[in-house]
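Participant: Take a look at this one; I'll ask things after.
The values are calculated or read from the model by the stated rules, or taken from the named source; none is laboratory data. Please read these numbers as outputs of a predicted model, since none were measured by experiment. When we count neighbours, we look across all protein chains shown, and the Cβ atoms used for this are built from the backbone with ideal geometry, even at glycine.
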Amino acid sequence: MTWQIAVVLAVLAGTLVCLGREWLQAELVVFAAAGILLAAGILDTPQILSVFSNEGAITVICMFILAVGLEKTGAIDQAARLLSRWAGGASARFLSGLLISATAISAFLPNTAVVLIFLPVVLGFCRGESLPPSRFLMPLSYAAMLGGCCTLIGTSTTLLVNGVAVKQGQAPFGMFEVAPVGVFLALAGLCYLLVAARFWIPDRESFLAVADQIKVREYLTEAVIVAGSPLVGKRLRETPLAKLADVRIIEIARGGEPLLEPIDSILFAQGDRLLIKTVVASVTKIQALSGIEITPNVDLRLQTIRTAPAVLVEGVVAPRSGLIGQTVRLVNFRQRYNVLILAVHRQGENIRDAFEDVKLRFGDVLLMEGTQEAVARITQDPDFLMLTDVSGHRRRLDKAPMAMGIVAGMVLLSTLGVFPIVALAFLACLSMLLTGCLQPREAYRSVQWDTILLIFGMLALGEAFEKTGAARWLVGSTLSSTEGLSPAVALAAFYLVTNVLTALLSNNAVGILMTPVAIQAAQALGVDVRPFLVAAIMAASLDFSTPIGYQTNMIIYSAGGYRFSDFMKVGGPLNLLLWIAASLLIPVFFPFHR
């Protein structure tokens, strides 16, 4: 134990506590830790800069871009629609097709993208068949996680473990090198899910129930304040409009431009056009008021719009959203997005009252309504991950074969070893842009920069962990207290510890952290490093017991109306099953002695 090792372990412990308790944003925590190590002289500037060239992190960025390219062209969306039509109304057939499709596609696309593509399909099926989406969303997330472990590019964890290992002198993984273990684990997991979905996954109330309660026949229409109106010079709360229970003003336009101030603070003026949400019966109440007329009845040479049904949509607060930590009232949501929030869903609870003062978090589901145009705009906003398929959301369907061909070419060339995966991923992104499958602005927005910054920060910690010998000291201390430990038992113990850490932190952070430990453990035991690296990949990618360990679980957490205990009940036994299976399978396909 040296002072450098002590500092690294102390900084690491503090980082894990801060990440676990979410005291600060994760990327700020890890960068602060890297700054402390830099100031202490444990890391130098070249070492800090070197993490930004890590092959695994660069490949993860490219995979984000490729996934959005496939999404914008509707390539995978078409497969999802075919699944829904094939299943008809049979829930068992739909679940089986969903699990197989999500697992297969996730082997070549980021898990998060696959879950987001299938979410509207699952919710639409559940609406049509009057089924709770909780029966399908947890299996969808779990299947995407299982599929990601079958290839090098299926999950960011595999790419990062590979990148760290290569930097420490290990041979890079091939495209399908982990497939023998990953496919067996995926099959075991799918069989379990088919049983669990029927007997153990609970039926939970989701936003579907809230939407059905709220979605009466409400309409958006326009009214205008006429000359001599008693409303002129008054605020909304000072007028009879505020007393109409079924009437809400969504927007006030003056001189053809919407006013951006909070509606409650605007003084009405002659000629103001009000965009109103109401039920048909309340239209006569508005017409009965003095000084305001429904637009078609007014001859003011104003452009009129026809009365149109309000569009109801659901969206998840994205992981990098600027809304996190803000309240609906504080961000002036109605004027900013031109939509109304009707309710907020969080951790199994539907919040209908006083939600305007609730601070938003990643994973919160918002029930929103507005015009078709406003909803189409918010669909493109990176602050949200939409759960509802909006008909106005256009796809470049003619580019779908091109996009799929680009990704297939990348996989084929990587399998043949023509170029390193990072080079092929970069060339594939460039091809997406040059062929028009993806626009540059869409590529910029597609990257989850908070995740990338977290990865870079954790890579800096991993660098210090290896440079100071902290990983070697930790492994040596552990092995000295368990003399005579066989490699198989050590592998099983390593998998279990890594898996438990993932449940408390995140897959990428744990994968980066445990890779040096895996290498040191194998070298201390005098065995091949490969089995321990595969164990790090599987254990850090396959935690199902909490919604914290993997981003897809956070997305479906609120969307499905789940409780935290639901993940423990369904995911805990699956963790145990895969731990036993991996401990037995890894030494078979990756022997300790070659």
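Participant: Test Val517 against the criterion of being assigned to a helix (DSSP H, G or I), out of contact with any helix residue (DSSP H, G or I) (no Cβ under 8 Å at 6 or more places or on another chain) and closer than 26 Å to Phe544 by Cβ, and give yes or no.
Facilitator: Values: assigned to a helix (DSSP H, G or I): yes; out of contact with any helix residue (DSSP H, G or I) (no Cβ under 8 Å at 6 or more places or on another chain): no; closer than 26 Å to Phe544 by Cβ: yes.
Spelling it out, it is not the case that Val517 is assigned to a helix (DSSP H, G or I), out of contact with any helix residue (DSSP H, G or I) (no Cβ under 8 Å at 6 or more places or on another chain) and closer than 26 Å to Phe544 by Cβ.
Participant: Hey, could you check region 370-394 for residues that are in a loop (DSSP other than H, G, I, E, B), of a type outside the set (Gly, Ala, Ser) and under 20 Å from Arg441 (Cβ atoms) and say which is modelled with the lowest pLDDT?
Facilitator: That would be His393.
Participant: Here is a check on your reading of the model: is Phe567 in a loop (DSSP other than H, G, I, E, B), within 28 Å of Phe199 (Cβ to Cβ) and outside the structural domain of Val178 (by TED's automatic domain parsing)? If you could, list the steps in order and put the result at the bottom.
Facilitator: On the way: in a loop (DSSP other than H, G, I, E, B): no; within 28 Å of Phe199 (Cβ to Cβ): yes; outside the structural domain of Val178 (by TED's automatic domain parsing): yes.
So Phe567 fails the test.
Participant: Then there is this: Has region 502-514 got any residue that is closer than 22 Å to Leu190 by Cα and not in a helix (DSSP H, G or I)?
Facilitator: Applying the first criterion (closer than 22 Å to Leu190 by Cα) to region 502-514 yields 502-503, 507.
Going one step further and asking which of them are not in a helix (DSSP H, G or I), we end up with none.
The answer is no, given that none of the residues of region 502-514 is closer than 22 Å to Leu190 by Cα and not in a helix (DSSP H, G or I).
Participant: Looking only at region 442-453, filter to residues that are among the polar types (S, T, N, Q) and over 17 Å from Leu24 (Cα atoms); which one of those is modelled with the highest pLDDT?
Facilitator: Ser446
Participant: Separate question: If you take the residues in region 523-543 that are among the small types (Gly, Ala, Ser) and surrounded by fewer than 24 Cβ atoms within 10 Å (Cβ to Cβ), which one is farthest from Leu585 (Cα to Cα)?
Facilitator: So the first thing to find is which residues in region 523-543 are among the small types (Gly, Ala, Ser), and the list is 524, 526, 535-536, 539-541.
Among the residues that remain, those that are also surrounded by fewer than 24 Cβ atoms within 10 Å (Cβ to Cβ) are: 524, 526.
Working: Ala524: 22, Gly526: 20 Å.
If we take residues in region 523-543 being among the small types (Gly, Ala, Ser) and surrounded by fewer than 24 Cβ atoms within 10 Å (Cβ to Cβ), then Ala524 is farthest from Leu585 (Cα to Cα).
Participant: Name every residue in region 555-594 that is among the hydrophobic types (A, V, I, L, M, F, W, C), under 20 Å from Val510 (Cβ atoms), modelled with pLDDT under 80 and surrounded by 22 or more Cβ atoms within 10 Å (Cβ to Cβ), in order of residue number.
Facilitator: If the condition is that a residue be among the hydrophobic types (A, V, I, L, M, F, W, C), under 20 Å from Val510 (Cβ atoms), modelled with pLDDT under 80 and surrounded by 22 or more Cβ atoms within 10 Å (Cβ to Cβ), then Ile555 is the only one that fits.
Participant: Identify the residue in region 73-112 that is crowded, with 21+ Cβ neighbours inside 10 Å and of a type in the set (Ser, Thr, Tyr) and, among all such residues, is nearest to the chain's Cα centre (by Cα).
Facilitator: Here the residue is Thr112.
Participant: So how many residues does region 517-554 have that are of a type in the set (Asp, Glu) and out of contact with any Pro (no Cβ under 9 Å at 6 or more places or on another chain)?
Facilitator: The total comes to 1.
Participant: Would you pick out the residues in region 223-257 that are at pLDDT 85 or above and closer than 18 Å to Val331 by Cβ?
Facilitator: Listed by number, the list is empty, since nothing qualifies.
Participant: Sort through Val30, Val11 and tell me the only one that's touching a Gly at 6+ places or on another chain (Cβ under 6 Å), of a type in the set (Val, Ile, Thr) and closer than 22 Å to Leu454 by Cβ.
Facilitator: Sole residue among the options that is touching a Gly at 6+ places or on another chain (Cβ under 6 Å), of a type in the set (Val, Ile, Thr) and closer than 22 Å to Leu454 by Cβ: Val30.
Participant: Same structure again: Report, by residue number, each residue of region 84-102 that is more than 11 Å from Leu190 (Cβ to Cβ), out of contact with any Lys or Arg (no Cβ under 6 Å at 6 or more places or on another chain) and not in a loop (DSSP other than H, G, I, E, B). Spell out how you get there, then give the answer.
Facilitator: Quick first cut of region 84-102, residues more than 11 Å from Leu190 (Cβ to Cβ) only: 84-94, 97, 101.
Narrowing further to those that are out of contact with any Lys or Arg (no Cβ under 6 Å at 6 or more places or on another chain): 84-86, 88-94, 97, 101.
Within region 84-102, Ser84, Arg85, Trp86, Ser91, Ala92, Arg93, Phe94, Gly97, Ser101 meet the criteria.
Participant: If only one of Phe465, Phe426, Phe456 is in contact with a Pro (Cβ under 8 Å, 6 or more places away or on another chain) and closer than 30 Å to Phe31 by Cα, which one is it?
Facilitator: So the residue among Phe465, Phe426, Phe456 that is in contact with a Pro (Cβ under 8 Å, 6 or more places away or on another chain) and closer than 30 Å to Phe31 by Cα is Phe465.
Participant: Only one of these conditions is not met by Phe426: (1) in contact with a Phe, Trp or Tyr (Cβ under 6 Å, 6 or more places away or on another chain); (2) among the hydrophobic types (A, V, I, L, M, F, W, C); (3) over 30 Å from Cys18 (Cβ atoms). Which number is it?
Facilitator: Here Phe426 clears every test but (1).
Participant: From the list Leu542, Leu577, Leu513, which residue is aliphatic (A, V, I, L, M) and more than 21 Å from Leu160 (Cβ to Cβ)?
Facilitator: Leu577
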